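The values are calculated or read from the model by the stated rules, or taken from the named source; none is laboratory data. Just so it is clear, the model here is predicted, and its values are computed rather than measured. Cβ placement follows ideal geometry from the backbone for every residue including glycine, while neighbour counts extend to all protein chains displayed. Just the protein is used for accessible areas: all its heavy atoms, side chains included, with ligands, DNA and RNA removed. Shrake-Rupley method; radii C 1.70, N 1.55, O 1.52, S 1.80 Å.
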Amino acid sequence: MRSSRSLSWAPLVAALLVLLLALARPAHANKRQDADAADKHIVHVPVTEVNNVIKQDTWIVMFGAQWCGNTQALTPKWLKLQERFLAAYPTASSTTPDSVTASSVHLTKVECSIPNEPRSGHPVCDVHAPDGFPTVNLYVDGKLVEEYPGNNEVEDMLRYVDVQVVQARAKQQEEALVEAARIKAEEEEEEKKKKAVSKVAASPSGKAAVAHGESAALAQDVVSSEPIPTTQPKTVSRLPLILGLVAALALVSSCGVALRRARRRNRQRSVGTTRYRPLDMASPRF
């Protein structure tokens, strides 16, 4: 009895499995169809060119494979992100064949599957997406900054793109200021050269060059060959000071010699004129 009852449930279980498989296939087929339809409108960059195109500017790149179910789920959302990106930035364009661009921020997709090789991946994608598909990476001037850390929803991805646009614009403004400063410095240097040429042309050597019909290039050579005069601090000569000190020392020395000679003569004169009374030893002193 038990064996017959268990056998009676077998057809029912088999029918249920067939029904589930029948329901699952259309869902998977529909997801693949939606992904294929979206891929026709998404801007792609060839997998063999991705390393070259990301060398400049900011790039947000989606690496995916047609056979991957997760890639199939993200692909329609990526198309919506592309459309929202173009709508949010009126200056954005999709005229370039490999990306949609706004303020030096590029949005593109790379197809990593190899034709006629099921569940395969291009070696270039193995480098950029080693953890599988889909992978969204941020590159700035050819360097990988990070893998997209947010959710795979259109609004979340669009906010992430907005941040990159703001940063790219700030970078462009900084580069513009640096370039303007460089141009101004070059103009000032050129103006200095013109003034120097004019100054040399007004000098005797410059007038001589003009009299001989020489070109302005010769005047420029004169400018480069003649040192530019610079104001040097005046140095006080020490020679008069040294000579004065020597003269003062000589005067003091001569005065000392004359003084000693006068003292010697006075002593000699006093010795010659002084008379001493002889001492009388017999007479009392008191």
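Things to note:
- Pairs linking a residue in segment 147-168 that is in contact (Cβ under 8 Å) with a residue 24 or more places away in the chain to a residue that is of a type in the set (D, E, K, R), with Cβ atoms under 6 Å and 6 or more positions apart or on different chains, are V154/K77; V154/K80; L158/R84.
- Taken over segment 28-63, the criterion of being open to solvent by 30 Å² or more (accessible area, probe 1.4 Å) and part of a helix (DSSP H, G or I) is satisfied by H28, A29, N30, K31, R32, Q33, D34, D36, A37, N51, N52, V53.
- Selection within segment 64-85 - open to solvent by less than 30 Å² (accessible area, probe 1.4 Å), within 19 Å of D34 (Cβ to Cβ) and in contact with a helix residue (DSSP H, G or I) (Cβ under 8 Å, 6 or more places away or on another chain): G64, A65, G69, T71, Q72, T75, W78, L79, L81
- Condition broken by M157, with the remaining ones in (1) modelled with pLDDT of 95 or more; (2) over 29 Å from K40 (Cα atoms); (3) hydrophobic (A, V, I, L, M, F, W, C) satisfied: (2)
- Members of segment 89-148 found to be at pLDDT 90 or above, assigned to a loop (DSSP other than H, G, I, E, B), over 13 Å from I60 (Cβ atoms) and open to solvent by 20 Å² or more (accessible area, probe 1.4 Å), listed by number: S113, G121, H122, P130, D131, G132, F133, D141, G142
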